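These notes are about the structure you will find just below.
The values are calculated or read from the model by the stated rules, or taken from the named source; none is laboratory data. No experiment lies behind these values; they were computed from the predicted model shown. Counting neighbours? That spans all protein chains shown, and the Cβs are built from the backbone with ideal geometry, glycine included. Areas reflect the complete protein model, heavy atoms only, side chains present, ligands, DNA and RNA absent. Shrake-Rupley method; radii C 1.70, N 1.55, O 1.52, S 1.80 Å.
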Amino acid sequence: MNIQVILTAVTIVIIVSAVAILLSMQKDEETFSKIITVGPIWTSDTWSCTSNKDFLVYGVLRGLEGTQISISIPDLGTQSLYTLDNGKMQTFTIGGQSEQTAIITRTGLVTGWLTLQTMSDANASCVQTP
């Protein structure tokens, strides 16, 4: 079996386990437990993630040679620029305040998952934009 497939599977298991542990630890009604996961196929260059409550976005991405990911929040500019190692799975985590939009833009070929986590009563989305 290909080592990259094994590493991808292990990464997914770790993320799912971490989310399950976090959910089991949260007990009150106002929990940080609404989860939206999108991917692995990108049909456009940009994902926009937002919530009407504070939120986190976790990324688990793989790119080909020369691939970059930029993360920005309107009115704050580009917050991060990642150059993805060829064929390797890489991760990032960003946070946003209520009503902000985190914009994740690729340059090159990228696959992978984005997970938005926010309060259980929030209105949230993570969608590809043209």
- Query: What label, among [x] 14.9, 46; [y] 18.0, 67; [z] 13.7, 40, belongs to Rg and Dmax of the Cα atoms in Å computed from the structure on display?
  - Reply: [x]
- When the chain is fully extended, how far beyond the present Cα-Cα distance does K88 get from Q4, taking 0.36 nm per residue of separation? 29.5 nm
- So the carbon and sulfur contribution to the accessible area of the stretch 83-130, 1.4 Å probe, in percent, is 49 percent
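About the Cα centre, and with charges only on the beta carbon of Lys, Arg (+1) and Asp, Glu (-1), how big is the dipole of the chain? Nearest 20 debye, please. Present the calculation step by step, with values, prior to reporting the outcome.
On the way: 6 positive and 10 negative charges, 79 e Å.
Dipole size: approximately 380 debye.
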- Taking 0.36 nm per intervening residue step and subtracting the Cα-Cα distance, what contour gain separates I12 from L64 on full extension? 16.8 nm
- Message: Running a GNM on the chain with Cα contacts under 10 Å, which residue among V19, V60, V110 ends up with the highest mean-square fluctuation?
- Response: V19
- Task: Determine which residues of the stretch 50-86 fall in the zone a paramagnetic label at L109 would reach in this model, i.e. backbone nitrogen under 12 Å from the point 7 Å along Cα→Cβ.
- Result: 63-67
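Per residue, how many Å² of accessible area does the chain show with a 1.4 Å probe?
Computed with neighbouring chains in place, this is 57 Å² per residue.
Would you mind classifying the stretch 51-111 by shape? Square roots of the alpha carbon gyration tensor eigenvalues, ordered a ≥ b ≥ c; an a/c under 1.5 is rounded, otherwise it is prolate if a/b is larger than b/c and oblate if not. Don't jump to the answer; show the numbers that get you there.
Working: a/c = 3.07, a/b = 1.97, b/c = 1.56.
Since a/c reaches 1.5 and a/b is larger than b/c, the shape of the stretch 51-111 is classed as prolate.
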- Quick one: order L64, L114, L56 from most to least accessible surface, probe 1.4 Å. L64, L56, L114
